[in-house]
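Worksheet for the structure shown next.
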Amino acid sequence: MARENIYQSLEVFYEKVNDCPLRDRQFNFFELVYVISGTGHHAVNGNKFAYCAGDLFLITPKDCHEFDVEDICEFMVIRFGEEYIREYQWKSIDHIACLLYYASHLSGSVLVNNDDRHIAGSLMENLRQATEHESVYSEDLVRHLVNAIIVIAARNLALIKPKNIIPHADIRLLQILEYIQEHIRQPEFLRIAVIAQNFGLSPTYLGSYFRRQCKESIQQYISSYRIRLIEHRLRFSDKRVHEIADEFGFADESHINKFFRRHKGMSLKGYRNMLFSA
């Protein structure tokens with residue numbers, strides 16, 4: 001799989017395409033993609049979502065994504081690294097990077113608030129004009145518009161992020177959450193002793209620290225996060241149960257069904273049937 005990098009803290013561009021120019025790419029930066037016009041499907045880490053004009057997608061570092069466009073589509077693309085988030089003083093939003101990481105690949109369009117869809121559309125049109133007609137203070141104007149769009153994305157993510165993560169999470173918690181996200185398909189890396197050793201902590205301290213920060217145990221968090229990913233596999237991919245079991249490190253279908261039934265009260269097949277019979 002090829003990797004895509006950026007060489008500036010911020011890149012903004014408009015594109016009009018009839019086919020996705022980059023496929024099977026893994027990024028090491030955040031990317032906001034706004035759909036100006038057109039329809040198709042957006043695939044992120046094996047999950048697929050239909051899109052239309054007005055949708056805004058956030059791809060996080062290490063995600064793999066591509067667009068299957070129908071006919072001609074127009075996009076505004078914003079790319080930025082973690083250093084861009086750190087260098088700006090977000091006065092009204094604590095640890096905005098934490099919110100951005102929670103976009104992950106758990107949802108389709110970031111915009112769940114209808115009013116914000118209109119605001120985002122106006123901001124994107126202004127951003128397009130600012131990038132096409134450079135003038136004095138153009139760079140400052142672009143950054144202000146991008147920051148406004150990031151805030152819009154973040155406050156929508158605040159509506160859909162896991163409820164138990166407190167807004168004042170410290171940097172160590174963010175690192176632990178990122179580690180869990182990165183290794184969620186590798187159970188051997190998610191044992192408490194292994195995580196604790198990775199961060200130079202004792203297992204006992206890690207457990208109490210995580211519960212104090214997140215109001216639930218680290219085991220509960222890992223299980224609920226894994227369940228959400230499995231739910232999205234069932235909803236947005238055509239993978240079979242044994243393929244999903246293999247992807248998430250379960251021994252077999254029986255093992256993953258037992259795990260899923262304990263949390264959702266039904267088998268994976270039953271859950272998928274429920275989704276598509278509704």
Rounded, prolate or oblate, given the Cα gyration tensor of segment 171-277, with a/c below 1.5 counting as rounded? prolate
Neighbour net charge for Gly270 - beta-carbon separation under 11 angstrom, K R +1, D E -1: +4
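With respect to the cross-link table entries Lys215/Lys239; Lys48/Lys215; Lys48/Lys264; Lys215/Lys269; Lys62/Lys239, which display a Cα-Cα separation exceeding 29 Å?
Numbers: Lys215/Lys239 33 Å; Lys48/Lys215 32 Å; Lys48/Lys264 22 Å; Lys215/Lys269 32 Å; Lys62/Lys239 21 Å.
Result: Lys215/Lys239; Lys48/Lys215; Lys215/Lys269 exceed 29 Å.
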At a Förster distance of 45 Å, what's the computed FRET efficiency of Gln129 paired with Lys258, Cβ-Cβ distance as r, to 0.05? 0.20
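Determine the relative contact order of segment 170-224: mean sequence separation of Cα pairs under 8 Å and six or more apart, normalised by residue count, in whole percent.
Numbers: 28 pairs, mean separation 13.8, N = 55.
Rounded, it is 25 percent for segment 170-224.
By count of other Cβ within 10 Å, fewest leading, how are His232, His118, His65 ordered?
Details: His232 20, His118 12, His65 23.
Listed from fewest to most nearby Cβ atoms, that is His118, His232, His65.
Roughly speaking, what is the stretch gain from Lys48 to Lys269, that is 0.36 nm per residue apart minus the C-alpha to C-alpha distance, in nm to one decimal?
On the way: separation 221, 0.36 × 221 = 79.56 nm, distance 1.88 nm.
In short, 77.7 nm is gained.
Quick note: the coordinates plus some simple rules give every number you see, no bench work behind them. Fair warning: this is a prediction, and the values are worked out from it, not measured in the lab. Here Cβ is always computed from backbone atoms with ideal geometry, including for glycine, and neighbour counts include all displayed protein chains.
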